[in-house]
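The structure under discussion appears below in the form of structure tokens.
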Amino acid sequence: MNEAKEKYKIIVMVVLLAGACFLTYYFHLVAGRGTVFTHLFYVPIILAARWWKIKGIAVPLFLALLLIFSHFPVRADVETVNDLIRAPMFILVGLTAIVLTERIAKAEQKAAHLNAVLGAIQNVNRLIARENDRDRLFEGVCYALIETRGYYTAWIALIDGSGKLVTFAEAGLGADFLPLVERLKAGELTPCVQKALKQPDVVVTNDPSSACADCPLAKRCAAMGAMTRRLEHHGKIYGLLSASIPAEFTANEEEQALFKELAANVAFAVHEMELEEERKSSEEELARQARELSHEREKLKVILQSTADGILVTDPQSRILMANPSAEHLLGFSFKEVVGKKLDVTIREKTLTEKIYKTRQEARIGYEFELELKDPTSSEPRVLSGKTACLKDREGKVMGVVTALSDITRLREVDRMKTEFLSTAAHQIRTPLTSIQGFSEILLTREIGKEETRKFLTYINKQAVELAAIINELLDISRIESEKGFQVEKHPCSIQSIIEENVRIFEETSKIHRFHIDLESDIPDISMDRDKISQAIKNLLSNATKYSPEGGEIRISARRRDQKTIEISISDQGIGMTDQQLYHVFEKFYRAGASDKAVEGTGLGLSIVKGIVEAHGGKIWIESRYGVGTTAHFTLPVNTNVR
């Protein structure tokens, strides 16, 4: 294509020069004039300067020589000073046209380059507006800069505070850029990079091959110019942007200003991405904290909802803010009905309201107190233990009062039972000890016969046995609770023989009762601890006789419930128990109420029986009707490996 254009230009020029020769001939020989009309000679002169620049000077030289020497062969007798003046004008016009042409060409080249640069900057700005990924942005910026041919090559390096490479992108360099990447990764900065990081202006390198001889890109960018500027926004330096351009444009202030603006735009984009990452990170952290807070709130809610203690929260105006189900149960209201209401309107118990008011007014840690409330399910009052605490914010301002309420009715009952037990146990221990002490003192201080001595020794032995029984009960319940020292040694035994042996003993000691044994014939021997099962049956028979003071029938039965279990039942026709007494019957130290105070015992018998039965893998339960009688049932596995 270029060769064809060049041939066309030569043909046109030859035609124009031929025309100039013809005009010279015409004016000298045909028109007979001493001067030649040379206005048209300027056309090939200007075209030659336009087309071939400095080489086009040959055309005005040719035309000047043609004009001067045309007088000698054609009309030597004519000498025209005008032609001699116009000949050097051809050369001057030619030189002027050449200079102007070169300037115009440079201006056009510069304009084209600036247009390419502006196009690249526009593409970069569009990319910045839509791209959210940092690495894709850097890669896109580099390719956008060389895409419009505004720059030959371009590269971006993101550098951390220690000067080491974080990430990079390039365009137009390919494998030649890798050595520089390795140096930047190692923290080795080239002179131009160091200079660019230290100053805010554009660093210009006119000849990289000589100015940056040790730079890996020196040979690749030879005969080019390079511009490098740090990526900076609000005083924070993120890295570098570098691009290569024609060397003649590097000194141009407009070029540097555009590159500086380009670097500033990229730095701003990096800053925005950093802010976006921080925002996302903050949002994720807030979301995580919100999830954790929600989880903690839910966990706290579950804890408050499931805790046995009542939790009541009031605000500074003593309005109810929160109450868990236990508080609703203990105080006898529904939270939905009282939320937001004043405390004194909802709760009539003065002790509680006064302690809450005082805690809020005095802004103190709180009070510990006890109060009694009417229990709708029992004739006995409900005893509550309360503790208040002041809720304060970080500035110490009172935000409300939290009150914890515990139902200690059972603890008070246990305390009463323990006190009663200690009194009863002391009495029961003192009675045999007094007898032992009295009879032994008689034996030591008096002279009595053998028969009376034997009688006193029999009393002493009987009282010692009773004392040992009391102590054994205490030891047994302690071993059962601690699971230490209470061992079940199982062997195949006959339950019939155990029942019959114990019944014979009670038939001898309790003449007012009739004992009836009802045993199924197909009950097999079972694996059990004979002594402990015998102790359990003995305790149940003892209760049946003690709580049947008027006598009556005591029935003992044993039957198979199924292939794996047998059931033993002992029933009496005694005083029986109320539902409330039946509820507490297996509790330690529990004994019947005031009407049954005449019945001796420690209140540990049934607790011990329960422990023995459960140690064998069985179950025990009591059925009773007040004034009718009581039946104790317990089961034992036929074959068991329990304990």
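The values are calculated or read from the model by the stated rules, or taken from the named source; none is laboratory data. Predicted model, so just to flag it, every value in this text is computed and none were measured. Cβ atoms come from the backbone with ideal geometry, glycine included; neighbour counts cover every protein chain shown. With ligands, DNA and RNA removed, areas are computed over all heavy atoms of the protein, side chains included. Shrake-Rupley method; radii C 1.70, N 1.55, O 1.52, S 1.80 Å.
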(message) Out of the residues in the range 612-635 meeting the condition of being touching a residue at least 60 places away in the same chain (Cβ under 8 Å) and surrounded by fewer than 22 Cβ atoms within 10 Å (Cβ to Cβ), tell me which one is farthest from the chain's Cα centre (by Cα).
(response) Thr631
(message) I'm told Ser378 meets every condition in (1) modelled with pLDDT of 85 or more; (2) on the phi < 0 side of the Ramachandran plot; (3) among the small types (Gly, Ala, Ser) except one. Can you identify the failing condition by its number?
(response) (1)
(request) Would you kindly identify the helices (runs of 4 or more DSSP H) lying entirely within the range 1-116 that contain at least 1 residues that are at pLDDT 70 or above, on the phi < 0 side of the Ramachandran plot and charged (D, E, K, R)? (result) 2-25, 42-52
(message) Quick check on the range 227-265: of everything there that is open to solvent by 10 Å² or more (accessible area, probe 1.4 Å) and among the hydrophobic types (A, V, I, L, M, F, W, C), which residue is farthest from Thr153 (Cα to Cα)?
(response) Ile237
(request) Give the range 173-206 a look and list any residue that's under 21 Å from Phe249 (Cβ atoms), touching a Cys at 6+ places or on another chain (Cβ under 9 Å) and not hydrophobic (A, V, I, L, M, F, W, C), or say none. (result) Thr205
(request) Please work out which one of (1) at pLDDT below 80; (2) within 30 Å of Asp579 (Cα to Cα) is the condition Asp309 fails and give its number. (result) (1)
(message) Contact list please: Cβ distance under 7 Å, first residue in the range 506-530 and within 13 Å of Thr545 (Cα to Cα) and among the acidic types (Asp, Glu), second residue open to solvent by 30 Å² or more (accessible area, probe 1.4 Å) and in a strand (DSSP E or B), pairs at least six apart or on different chains.
(response) Glu507/Phe515
(request) Considering only the range 107-138, state which residues are under 23 Å from Glu254 (Cα atoms), free of Cβ contacts under 8 Å to residues at least 60 places away in the same chain and of a type in the set (D, E, K, R). (result) Glu108, Arg126
(message) Considering only residues that are crowded, with 20+ Cβ neighbours inside 10 Å, within 60 Å of the chain's Cα centre (by Cα) and without any contact (Cβ under 8 Å) to a residue 40 or more places away in the chain, which ones fall in the range 535-584?
(response) Ile537
(request) Tally the residues that are part of a loop (DSSP other than H, G, I, E, B) and under 15 Å from Thr631 (Cβ atoms), restricting the search to the range 531-560. (result) 2
(request) Considering (1) of a type outside the set (Ser, Thr, Tyr); (2) surrounded by 14 or more Cβ atoms within 10 Å (Cβ to Cβ); (3) within 40 Å of the chain's Cα centre (by Cα), say which one Ala196 fails and leave the rest. (result) (3)
(request) From (1) closer than 16 Å to Tyr238 by Cβ; (2) in contact with a helix residue (DSSP H, G or I) (Cβ under 6 Å, 6 or more places away or on another chain); (3) surrounded by fewer than 21 Cβ atoms within 10 Å (Cβ to Cβ), pick out the condition that doesn't hold for Gly161. (result) (2)
(message) For the range 492-512, which positions are of a type in the set (Val, Ile, Thr) and closer than 16 Å to Pro524 by Cβ?
(response) Ile495, Ile498, Ile499
